[in-house]
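Okay, structure first, notes after.
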Amino acid sequence: MTVDKSESRIRRMFGEIAPRYDFLNHFLSFGIDKYWRWRTVRRVPPTGDASILDLCCGTGDLALAYAKKLAPGGRILGADFCHEMLVLGRRKAARVGEAGRLTFVEADAQGLPFPDHSFQIVCNAFGLRNVTDTDRGLREMTRVCQPGGQVAVLEFSMPRRQPMRGIYLWFFCHVLPRVGQAVSRSKLDAYNYLPKSVGEFDDGQALCRRMREAGLVDVRFWPMTFGVATLYVGAKADGRTQNAERADGV
Ligand SMILES: C[S@@+](CC[C@H](N)C(=O)[O-])C[C@H]1O[C@@H](n2cnc3c(N)ncnc32)[C@H](O)[C@@H]1O
């Protein structure tokens, strides 16, 4: 049976675990999640006074990682449809002195309230998999990205090589749900949902294909930490990239 990814269930589920979300993220990943976000910022750095959208921002960890690299004049928007997550994100941004240029907006990734071509970078960490209509989410990310800008998706994936694959599957499918459930006390079983949703979600070339179908070009991916997480990056074509692609095709 496929996991229920209806908007109302997803929103309630993340609302329910929001108070323990950051703790469990860092604890269950042994802190490696911070490194994955750091790598994302390194691989897709902002230039000049960039405007950045962190979509499905949760409590804003990727937005905050970007804030460290942003030149004066830059701005970051964190968008998520889970109110409880955004409340915690705003509080965290204020605590680290980034409330001035990091704004949080309540919005559904499938219908963003921003004009076309608004952001130099549109990023999404561990959120896309939860969006009910993934392709619609990807099309929205592409639409609001500026021509010549980049779309970055950080997602869980499955290690392909043994023995890492076996060890990880045991941890991810047996240890993590139990610890996550014990700490979060999620009524909607959020930490059983996690491995199931990852198992059902496209990774590697399959996700790259979906990004291309959403209108992105030059899509590439980098597996990290034995393939436990993968960073996917695509560009929105400007005049030059479109021409280059056409020239390649001739
Ligand atoms: C696993 S959390 C990731 C949070 C954060 N990006 C991080 O790196 O920790 C997934 C987030 O996606 C959000 N989300 C899922 N579907 C969404 C949608 N359709 N629109 C906006 N946010 C969504 C959830 O509310 C949740 O906060």
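Here, each number is a calculation from the coordinates, and none is a lab measurement. Computed from a prediction, not measured in an experiment: that's the story for all the values here. All Cβ positions, even for glycine, are placed from backbone atoms using ideal geometry, and neighbour counts span all protein chains on display.
Using modelled amide H (1.01 Å from N, peptide plane; none on Pro or chain starts), what sits under 5 Å from the amide H of Asp202, excluding residues fewer than 5 places away?
Sorted by chain and number, the residues that satisfy this come to none at all.
Over what distance in Å are the Cα centres of the range 102-138 and the range 15-47 separated?
If we compute the Cα centre of each part, the gap is 18 Å.
Lys and Arg at +1, Asp and Glu at -1: add these up for the other residues within a Cβ distance under 14 Å of Ala18 and post the number.
+2
On a full-extension model of 0.36 nm per residue, what is the gain between Arg43 and Gln205, subtracting their alpha-carbon distance, rounded to one decimal in nm?
56.5 nm
With the alpha-carbon atoms as the only input, what is the per residue convex hull volume for the chain in Å³?
125 Å³
Within the chain, what percent of beta bridges assigned by DSSP are antiparallel, to the nearest 5?
Of all bridge pairs located within the chain, approximately 40 percent are antiparallel.
What spacing in nm lies between the two simple spin-label points modelled at Lys196 and Phe27, each 7 Å away from Cα in the Cβ direction?
Taking the simple label geometry, Lys196 and Phe27 are separated by 2.3 nm.
Among Phe221, Phe119, Phe126, Phe27, what is the fewest-to-most ranking by other Cβ atoms within 10 Å?
By the 10 Å Cβ count, ascending: Phe27, Phe221, Phe126, Phe119.
Quick check for me: using +1 on Lys/Arg Cβ and -1 on Asp/Glu Cβ, what's the dipole size of the chain about its Cα centre, in debye to the nearest 20?
680 debye
Computed over the Cα atoms, what is the radius of gyration of the range 114-250 divided by 2.2 N^0.38 Å, N being its residue count?
1.21
Need the full-extension length gain, Glu213 to Phe226, defined as separation in residues times 0.36 nm minus the C-alpha distance. One decimal, nm.
Contour length minus Cα-Cα distance gives 2.0 nm.
Residues with beta-carbon under 14 Å from that of Asp49, excluding Asp49: net charge, scoring Lys, Arg +1 and Asp, Glu -1?
Overall, the nearby charge balance is +3.
Using a Cα-Cα cut-off of under 29 Å, which lysines could be cross-linked to Lys69, ignoring same-chain neighbours fewer than 8 residues away?
Straight-line reach from Lys69, under 29 Å: Lys34, Lys92, Lys236.
Each residue of the range 157-164 in turn: what ³J(HN,Hα) in whole Hz from Karplus with 6.51, -1.76, 1.60 and θ = phi - 60°, glycine and Pro shown as x?
For the range 157-164, the Karplus-derived couplings read 8, 10, x, 9, 9, 7, x, 4 Hz, x marking Gly and Pro.
Which of the lysines could a cross-linker span from Lys187 if the Cα-Cα distance has to be under 25 Å and same-chain partners fewer than 8 positions apart are dropped?
Here the lysines satisfying the reach criterion relative to Lys187 are Lys5, Lys196.
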